Every structure is written in C-alpha cells, then in structure tokens.
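What follows is a set of notes on a single structure, which appears directly below.
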Amino acid sequence: MADTIPLAEAHSLVARARAGDFGALEHLYRAYEGSVYTLARRLTRTPEDAEDVLQETFLEVCRSLARWRGEGSLWGWVRQIAASKALMRYRREKLRATEVLDDDLAERAGDDVPLRLDLEAALQRLPERTRTVVWLHDVEGMTHEEIAELMGMTTSFSKSQLARAHQKLRGWLGEEGADR
C-alpha cells in the first residue's frame, strides 16, 4: 500500500505545489512513486511500460493539482490517475482483433500448462484486461462500479471478468473441484 500522507499534510503539500514549490512536488512524487510503479507494473506487460505509466501519472498529477478537491485521500486520487494511464496505454496498444486473438491463445495455452503454478505466473497467464480487473478489485480494493467507470465498460463486465478469472486461477493453481 502507498505511504499514506495524512489529509492535513496532503492539503498543505498540494497548496504548496500549486504555488510552485518544487520541494512539495518532489515530496508527493517520493511518497507515491513506489506504489504507482507497483500498480503500473501489475497493469502493464513490461517494466518499461510501467516506468512510462509512472512518468505519465506524475505529469498528469502536476497538471491536475488544481482539480484535487481534497475530499478523499490523495493516494486514491493518484491511484485513479495511474490506473487510467495504464488503461489508456493498453487501449492504445491493443486492437480489438488482437485482443480476441490473445484471449483465444490464452485459453488454448491453458490446456498444456501444468496444474500447479505460483500465483504470479497464473496472473500473467490471464489476458491483460482480465488481469487488470483482478488487480484493481482484489488488490487495490476498487468496486466493480469504479472499475467499470475507469475501463469504460459496464459493472456486469467487471463482475464477469472477475468471476471467470477466479475460476481460471483456481483451476491453474490446482484447487480441488475447480473447473479449468
């Protein structure tokens, strides 16, 4: 989880950053860079993509500081920007036809893979969009409504992606009674 900046300190840092205090901007960056990178790494295919998302996120944070209303946690706002940047990268790089092909290949590859894998390897086998839903829901604690809004999909899309992913993960990890 991100280093939490108390709300009063977050308000002070944001006010100073809005006024042009580069030290305040650096403090915000240092407080959240690790967590943003970790989130980006989970939502992208390569460390280089995650690094790009990290940079894009903090550029957007700098540009958008005036829009943070201070009603929720600063980390929640930064996390939303990071997830959005990762998903925009995904959308840019993937055409629908490629995505369908990737899903089909991932499905067929599952037949030849040993039943027991570690969780990290199993998550990597999921199609990227499905892995994103799993990560945002199960790890980041986002609701299906938040995920749907972020991804431009429906709530039922998020729920069905998560249910299918959990079923596949149980099968791949060798849980008794799980369908593969």
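The values are calculated or read from the model by the stated rules, or taken from the named source; none is laboratory data. From a predicted model like this one, the values you see are computed outputs, not experimental measurements. When we count neighbours, we look across all protein chains shown, and the Cβ atoms used for this are built from the backbone with ideal geometry, even at glycine. Each accessible area value is taken on the protein alone, full model and side chains, heavy atoms only, with ligands, DNA and RNA left out. Shrake-Rupley method; radii C 1.70, N 1.55, O 1.52, S 1.80 Å.
Structural remarks
- Residue count for region 44-61, restricted to those that are in contact (Cβ under 8 Å) with a residue 40 or more places away in the chain and open to solvent by 70 Å² or more (accessible area, probe 1.4 Å): 1
- Tally of residues being under 12 Å from F58 (Cα atoms) and open to solvent by less than 80 Å² (accessible area, probe 1.4 Å) across region 1-26: 1
- Restricting attention to region 146-176, the residues that are of a type outside the set (A, V, I, L, M, F, W, C), within 18 Å of A86 (Cβ to Cβ) and open to solvent by less than 20 Å² (accessible area, probe 1.4 Å) total 1.
- Failed criterion for V36 (all others in (1) free of Cβ contacts under 8 Å to residues at least 40 places away in the same chain; (2) within 15 Å of L87 (Cα to Cα) hold): (1)
- Taking the criterion of being free of Cβ contacts under 8 Å to residues at least 60 places away in the same chain and open to solvent by 50 Å² or more (accessible area, probe 1.4 Å), the residues of region 123-145 that qualify are Q124, H137, D138, G141, T143, E145.
- Checking E71 against (1) open to solvent by less than 70 Å² (accessible area, probe 1.4 Å); (2) within 24 Å of T143 (Cα to Cα), the condition it does not meet: (1)
- Spans of helices (runs of 4 or more DSSP H) in region 25-111 with at least 3 residues acidic (D, E) and at pLDDT below 85: 96-109
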